[in-house]
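Trainee: I'd like to ask you about the structure that follows.
The values are calculated or read from the model by the stated rules, or taken from the named source; none is laboratory data. Remember, predicted model here, so these are calculated numbers, not experimental data. Don't worry about glycine lacking a Cβ; one is built from the backbone with ideal geometry, like all the others, and counts go over all protein chains shown. Just so you know, the surface numbers come from the protein's heavy atoms only, side chains and all, with ligands and any DNA or RNA stripped out. Shrake-Rupley method; radii C 1.70, N 1.55, O 1.52, S 1.80 Å.
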There are 4 protein chains.
Amino acid sequence: MDLGMFNTQTDLALDARDMAHAANQGQPIPGIEQEFTRENGIRVTKINVLNEEGSKALGKLLGHYITIEVPALREKDSQLQDRVATKLAQEFEQFLRQVGIPKNAKALIIGLGNGNVTPDALGPLVVENVMVTRHYFELVPEDVSPGYRAVSAVAPGVLGTTGIESSDIVQGIVDKSKPDFIIAIDALASRSLDRVNTTIQIADTGIHPGSGIGNKRKGLTKEQLGIPVIAIGVPTVVYASTIVNNAFDLMQKHFSGQTSNTGQIFGLLDNINEDERLQLVKEVLNPVGHDLLVTPKEIDQFIEDIANIIASGLNAALHDAVDVDNVAAYTH
Amino acid sequence: MDLGMFNTQTDLALDARDMAHAANQGQPIPGIEQEFTRENGIRVTKINVLNEEGSKALGKLLGHYITIEVPALREKDSQLQDRVATKLAQEFEQFLRQVGIPKNAKALIIGLGNGNVTPDALGPLVVENVMVTRHYFELVPEDVSPGYRAVSAVAPGVLGTTGIESSDIVQGIVDKSKPDFIIAIDALASRSLDRVNTTIQIADTGIHPGSGIGNKRKGLTKEQLGIPVIAIGVPTVVYASTIVNNAFDLMQKHFSGQTSNTGQIFGLLDNINEDERLQLVKEVLNPVGHDLLVTPKEIDQFIEDIANIIASGLNAALHDAVDVDNVAAYTH
Amino acid sequence: MDLGMFNTQTDLALDARDMAHAANQGQPIPGIEQEFTRENGIRVTKINVLNEEGSKALGKLLGHYITIEVPALREKDSQLQDRVATKLAQEFEQFLRQVGIPKNAKALIIGLGNGNVTPDALGPLVVENVMVTRHYFELVPEDVSPGYRAVSAVAPGVLGTTGIESSDIVQGIVDKSKPDFIIAIDALASRSLDRVNTTIQIADTGIHPGSGIGNKRKGLTKEQLGIPVIAIGVPTVVYASTIVNNAFDLMQKHFSGQTSNTGQIFGLLDNINEDERLQLVKEVLNPVGHDLLVTPKEIDQFIEDIANIIASGLNAALHDAVDVDNVAAYTH
Amino acid sequence: MDLGMFNTQTDLALDARDMAHAANQGQPIPGIEQEFTRENGIRVTKINVLNEEGSKALGKLLGHYITIEVPALREKDSQLQDRVATKLAQEFEQFLRQVGIPKNAKALIIGLGNGNVTPDALGPLVVENVMVTRHYFELVPEDVSPGYRAVSAVAPGVLGTTGIESSDIVQGIVDKSKPDFIIAIDALASRSLDRVNTTIQIADTGIHPGSGIGNKRKGLTKEQLGIPVIAIGVPTVVYASTIVNNAFDLMQKHFSGQTSNTGQIFGLLDNINEDERLQLVKEVLNPVGHDLLVTPKEIDQFIEDIANIIASGLNAALHDAVDVDNVAAYTH
């Protein structure tokens, strides 16, 4: 999350699917494939956007999306965290096969975001904890055991602290170090407070700049960099206006059909279109300093936990020699 | 802020005054004295609760309250920060005189909260940055220059990480080190998102445990500890439900008198009592993980800045030899 | 290690034994019992100082000493670290039995040292990572599972940052929270660079103030606090003069008997008494800023690793319900 | 300092000059210009290596060297720190003129080293604290006030944590962001414990890889990158063997001419050649873990202080609009 560079509010494919579904009155959406599993408190949803029709319906780019949802992830349960890391490893390994990344393809892991702003430090923290091996392949190739691939990892910083677009730094590093594909880790702004620090999305669409101020900016995409870019995103912040807008939704549902006085009032909110309503909320909150990006109080612990999960999951997914059942041992 | 120990949502005297005022239809409230100044973007409000009548009207304890509001404090302006530190020093020095603390009274600064949870780390950070002198008075009294008083400073940790009530730890330290008064720094849960990291409250009422779960718990008060306890609090977190409830208020005001469809809907909210409405919001948000305590994304920087302001302000206020105009030089 | 408060150079019982042994020309020392095991790169030496004669011979107080030496501990081997934690747990559990601490005795863990000075942060880091349970026993005793004891943990800070003697803070906390015994963790100044971050010493002698400047100061001892005090110490720093003096020793041994020119020169050093020589080294190094306390470059990682080992070991040793084979899961 | 990449023991030009001088029996060295000033506890030595003869005599590359020595820098005196920052700003500004860098030349500041290893974190810390402006020149050139130049800043990490040579990362960034010159900040291994954290060296020679293991590696030099590279280095660590060897020197000097027994012994050390002696020390210390790189115990504070001094000094030197007398205000 590099506010100003990338889109600060990214709809997860999952949320987009739900919205499209609702709009489609629950009918299947053409051009969209999906698959859903739930096990041990971990929900995995896979959505493939197959063609332009699906892309338009969802408002998401053509590509493959995996969302891992773990509502209990904020509860500091280290055994659950291990299970999530293992699940992530399995899904990511399979995802690489699905999108055609071979076993020996050289990976460059890019940790986007500002390491000194806790909710934005996910990318830099993953980079710190991930196992890098590229230098062994370069310097002592004969000593590298089988079952490993070349992995490098860089946190390029953010425009405000480097003065250089992250995408330019990444491109420079790609040009010199010649990886075969990129895994870009980024913190996202969430559509909903309950997604914050509980959801991981994987996509092969790369990372696209926001459409706002940064409209002349470059993203991290295959078009831009010449190699596939897999994005791993975790919502870590949410706008106050989003929280308020979500609350309206929840209250409408809660009171839906109730004939009490309160029920009737919230029922009337149905008459306001959702986008219009969010606009309204922003208009009211912004001038008085009420529309900040916020993050849960326990963010220090959450970010560290999720960064460990992602680093462990990536280590196991990228190297056959690292056992999926014991991923945690390979990170700090 | 030791969630579970102390009241997690503290009404600032200022907010209580506003509510009482509103309830009193703008008439002066008997038993309450107040004074207000505004200069250079810094608003200072002094409220004295003189008697039981005033206490009841405000819902605040008898005592003296100063609130320093600096809406621009979140904008990373180091000159403004210096001005706030100077203002705090002047006000705190005068406050000590007003509440009868003599110039040579020995101070113990207590930094409440959990140093590993950023929005709760205010107290421990102030303790880290404040100038301590008590050991010189104890070990080499003849070498202490005039213009200093004995100051000690301890961060007692929180129940969840020490296993001991902070109030017990403080009492033990008071018994052994014999200070003449206590200054207790604590992070608070706010009534409003725009107060977060922009407001400092000083009060001579001590720190009182919450009325909820912790009802058997002891606070940090003169009754408990036998010496005056001055509390310095800064709101650093806010409940999601509070954000939503504030938004209702703002929208009601915004649409008040409007005859549009939307205006009429929000007008109807007037019919719901405020407490009832907050209860409603909590009921709806809580079960789906939407009622977290949240903090602005930039909390790392904010907490560091405010801790420096308070440490600098205290240094200048507590020691005549430390110049109010150059407080910053005495902290890290 | 609170420089100025406690003795900054603590002879480990092990080193004292070696010196006494040497002085005694390899004969058993009366009043001293010892036992030695070595397994998997971990050496454990137990020394009991049984009477005044032994105490005088060793220059150590009456009591029980365990030293765990792991020369490879600096090599960042996480499996070795787990083995050391397990060994520490076993030894500590047995030590508690040996010195008569019952299974349900309430422990207060004291993390001495300054958390902001990395090589001095061992104690505070252990406190941060250890499992505290006392508050459950106090607040919800009926909910505590069998197999746990009441454990509390506090880092009292250092005189220079609190203005209060650590021993006074600890005494105050003991008076209020009534533990049955204390475990005090402290970083030590080492007799030898190769001990730094590779050696853990456990002793039931408490912690004694240095004999230098701090001669009026109180320690953490049973005499002082009225309850047993078990000290866990790890050498984390060493004086430059100690490094130089050790080098002389090593060179003397290296060249011992050699008839080369160099050998003869170093042989002559035998003629200088060891204490006299160290004094000489200090005299020469001090005035030119060459006698600093130093620590290995990788101290950040070392301190974190050893703090985790000690926290894990204590968790398993103190609670029957925590499995010695899986101690790591109970710490962060 | 990227151990393995760059020369881990860099002779400061100053030390090289002293050695050459000694070898030349105090006579001026041909091909070397020098200038020395001392003021208020700050010594500044400028050495220009004019030609091959001078280069050979000193064992240093052709170029300009400034060494700023502040023996009291370790004493936590914030006023002295401000004076050093101001001095550094003045000297660096003049140095840029001397080596032909124009006022509007675009600077890229490279912070070498590993931010997670405190004594190696100097470069990353300077990058964090320096004022970056390049993005304003790129995005809103019309809004940039006069008196500023375009400055960008990147910490490229170290080979062990990124898997990519720092020099490759830097080259990639140079290719994409087109700066006019580079300022590379690096922590060095010192020739002497008293230099550690007290000395700053500026040179226009770039940064050269060590001659040892890393002999195939690329440095950061004008030859390599096509633009001038100014290096700023601060010794932050020292080998234990260096400490021992320095002690031999000091003792030889101390006892020189003394006819005492001890004096005679140390006098004999004269007979051993210095390089041979260091080799000897290493041979003896290494096998027993006695030849670590060490750093003073207070390194956390030292590194932070020097990073602030360098960041403040660079801000004032690089931008005319930043006042040399008030450099500190522009850094955190």
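Trainee: I need the fraction of alpha carbon pairs in chain A separated by more than 33 Å, rounded to a whole percent.
Mentor: Values: 15059 of 54946 pairs.
More than 33 Å apart: 27 percent of the Cα pairs in chain A.
Trainee: Simple spin-label model, 7 Å along Cα-to-Cβ: B:Val140 to A:Gln279 in nm?
Mentor: 7.0
Trainee: Looking only at A:Gly160, A:Gly111, A:Gly26, which one moves most when chain A is put into a Gaussian network model with springs between Cα atoms under 10 Å?
Mentor: It is A:Gly26.
Trainee: Starting from the amide H of B:Ile230, placed 1.01 Å from N in the peptide plane, find each other amide H under 5 Å away whose residue is 5 or more places distant or on another chain.
Mentor: B:Ile182, B:Ile183, B:Ala184
Trainee: In addition: Mind checking the mean number of beta-carbon atoms from other chains within 10 Å of the Cβ atoms in C:108-115?
Mentor: Values: counts 3, 2, 0, 0, 0, 0, 1, 4.
Taking all residues of C:108-115 together, the mean is 1.
Trainee: With angles folded into 0 to 90 degrees, how steeply does helix C:240-255 sit against the dominant principal axis of chain C? Use alpha carbons for both and round to 10.
Mentor: Helix C:240-255 and the main axis of chain C meet at about 50 degrees.
Trainee: Given a 1.4 Å probe, how much area per residue of the protein assembly as shown is accessible, in Å²? Let's see the in-between values first.
Mentor: On the way: 52400 Å² over 1328 residues.
About 39 Å² of surface per residue is accessible.
Trainee: Got the B:Ala105 label distances to the other copies yet, label 7 Å along Cα→Cβ, in nm, shortest first?
Mentor: Spacings between copies for this position, smallest first, are 4.3, 6.1, 7.0 nm.
Trainee: What do the square roots of 5 times the Cα gyration tensor eigenvalues come to for the stretch C:8-138, in whole Å, largest first, as semi-axes of the equivalent ellipsoid?
Mentor: Largest first, the stretch C:8-138 gives 29, 20, 16 Å.
Trainee: Still on this structure, please answer the following. Could you work out which residue, out of C:Gly219, C:Gly113, C:Gly233, moves most in a Gaussian network model of chain C, that is, has the largest mean-square fluctuation with Cα springs under 10 Å?
Mentor: Of the options given, C:Gly219 has the highest mean-square fluctuation.
Trainee: Taking the axis that carries chain D onto chain A, what is the nearest Cβ in chain D, and at how many Å, to the whole number?
Mentor: Of all Cβ atoms in D, the one closest to the rotation axis yields D:Gly172, 1.
Trainee: For the stretch C:7-110, calculate the relative contact order in percent as a whole number, restricting contacts to Cα pairs under 8 Å that are 6 or more residues apart. Intermediate values should be presented prior to the final figure.
Mentor: On the way: 105 pairs, mean separation 20.6, N = 104.
The value is 20 percent.
Trainee: Looking at chain B as a GNM with Cα springs under 10 Å, which of B:Thr198, B:Thr236, B:Thr161 has the largest mean-square fluctuation?
Mentor: Result: B:Thr161 has the largest fluctuation of those listed.
Trainee: Moving on. Under the √(5λ) rule applied to the eigenvalues of the Cα gyration tensor, what semi-axes describe the equivalent ellipsoid of the stretch D:105-203? Give them in Å, descending.
Mentor: Details: eigenvalues 148, 57, 25 Å².
The equivalent ellipsoid of the stretch D:105-203 has semi-axes of 27, 17, 11 Å.
Trainee: Also, quick follow-up: Dipole magnitude of chain C about its Cα centre, charges +1 at Lys/Arg Cβ and -1 at Asp/Glu Cβ only, in debye to the nearest 20? If you can, show how the numbers build up before the last one.
Mentor: Values: 27 positive and 42 negative charges, 70 e Å.
I would put it at about 340 debye.
Trainee: How many partner chain Cβ atoms sit within 10 Å of a residue's Cβ in peptide A:133-139, on average, as a whole number?
Mentor: Partner Cβ neighbours, averaged per residue: 4.
Trainee: Quick one: angle between helix D:274-285 and the longest Cα principal axis of chain D, in degrees between 0 and 90, rounded to 10, please.
Mentor: 90
Trainee: Report, ordered by chain and residue number, the lysines lying within cross-link reach of A:Lys76, taken as a straight Cα distance under 29 Å and ignoring same-chain residues fewer than 8 apart.
Mentor: A:Lys46, A:Lys87, A:Lys297, B:Lys216, B:Lys218, B:Lys282, B:Lys297, C:Lys76, C:Lys87, C:Lys103, C:Lys106
Trainee: Using a 1.4 Å probe on the protein heavy atoms, what percent of the accessible area of the stretch C:1-128 belongs to carbon and sulfur? Mind dumping the intermediate values first?
Mentor: On the way: 2680 of 5790 Å².
Carbon and sulfur together cover 46 percent of it.
Trainee: Any idea of the total accessible area buried by the C-D contact, 1.4 Å probe, rounded to 100 Å²? Before the final figure, lay out the partial values.
Mentor: On the way: alone 16190 and 16220 Å², together 28530 Å².
Summed over both sides, the interface buries about 3900 Å².
Trainee: Could you size up the charge dipole of the protein assembly as shown around its Cα centre, putting +1 on the beta carbon of Lys and Arg and -1 on that of Asp and Glu, and report it in debye to the nearest 20? Display every interim value, and only then the final one.
Mentor: Values: 108 positive and 168 negative charges, 0 e Å.
The dipole of the protein assembly as shown has a size of about 0 debye.
Trainee: With +1 on the Cβ of every Lys and Arg and -1 on the Cβ of every Asp and Glu, and nothing else charged, how large is the dipole of the stretch C:1-103 about its Cα centre, in debye rounded to the nearest 20? Provide the component values of the computation, followed by the final result.
Mentor: Working: 12 positive and 15 negative charges, 35 e Å.
In total the dipole reaches around 160 debye.
Trainee: Rounded to the nearest 0.05, what FRET efficiency is calculated for D:Lys178 and A:Asp320 with R0 set to 56 Å and r the Cβ-Cβ distance?
Mentor: Numbers: r = 41 Å, r/R0 = 0.74.
Calculated transfer efficiency: 0.85.
Trainee: Between copies, how far apart are the D:Ala72 label points? List them in nm, one decimal, shortest first, with each point 7 Å from Cα toward Cβ, please?
Mentor: Between copies, matching label points for D:Ala72 lie 3.8, 5.0, 6.2 nm apart.
Trainee: OK, next. Quick check on chain D: helices-only [θ] at 222 nm, where DSSP H runs of length 4 and up contribute -39,500 (n - 2.57) each and the sum goes over total residues. Nearest 500, please. Let's see the in-between values first.
Mentor: Details: 12 runs with 129 residues, N = 332.
Rounded to the nearest 500, the figure is -11500 deg cm²/dmol.
Trainee: Kindly tabulate the residues in the stretch C:290-323 with an accessible-area decrease of at least 20 Å² between the chain alone and the assembly of all protein chains, using a probe of 1.4 Å.
Mentor: Residues passing the criterion (a loss of at least 20 Å², heavy atoms only) are C:His290, C:Leu292, C:Leu293, C:Val294, C:Thr295, C:Pro296, C:Lys297, C:Asp300.
Trainee: Something else about it: Which value, in Å to one decimal place, does the Kirkwood hydrodynamic radius take for the protein assembly as shown when every pair of different Cα atoms is included? Walk me through the intermediate numbers first.
Mentor: Details: mean 1/r = 0.0297 Å⁻¹.
This gives a value of 33.7 Å.
Trainee: Leaving out ligands, DNA and RNA, and with a 1.4 Å probe, what % of the accessible surface on the stretch B:155-255 is carbon or sulfur?
Mentor: Numbers: 1370 of 2830 Å².
Using a 1.4 Å probe with all protein chains present, the stretch B:155-255 comes out at 49 percent carbon and sulfur.
Trainee: I would also like to ask the following. Report the relative contact order of chain B, percent, no decimals, based on alpha-carbon pairs under 8 angstrom and at least 6 residues apart. Numbers along the way, then the final one.
Mentor: Details: 623 pairs, mean separation 72.1, N = 332.
About 22 percent, as a whole number.
Trainee: Same structure again: Have a look at D:Tyr148, D:Pro28, D:Gly63 and report the one farthest towards the positive end of the charge dipole of the stretch D:1-156, computed about the Cα centre with Cβ charges (Lys/Arg +1, Asp/Glu -1).
Mentor: The listed residue farthest towards the positive side: D:Pro28.
Trainee: Any idea what the B:Pro287 label distances to the other copies are, label 7 Å down the Cα→Cβ vector, nm, shortest first?
Mentor: 3.8, 7.4, 8.2
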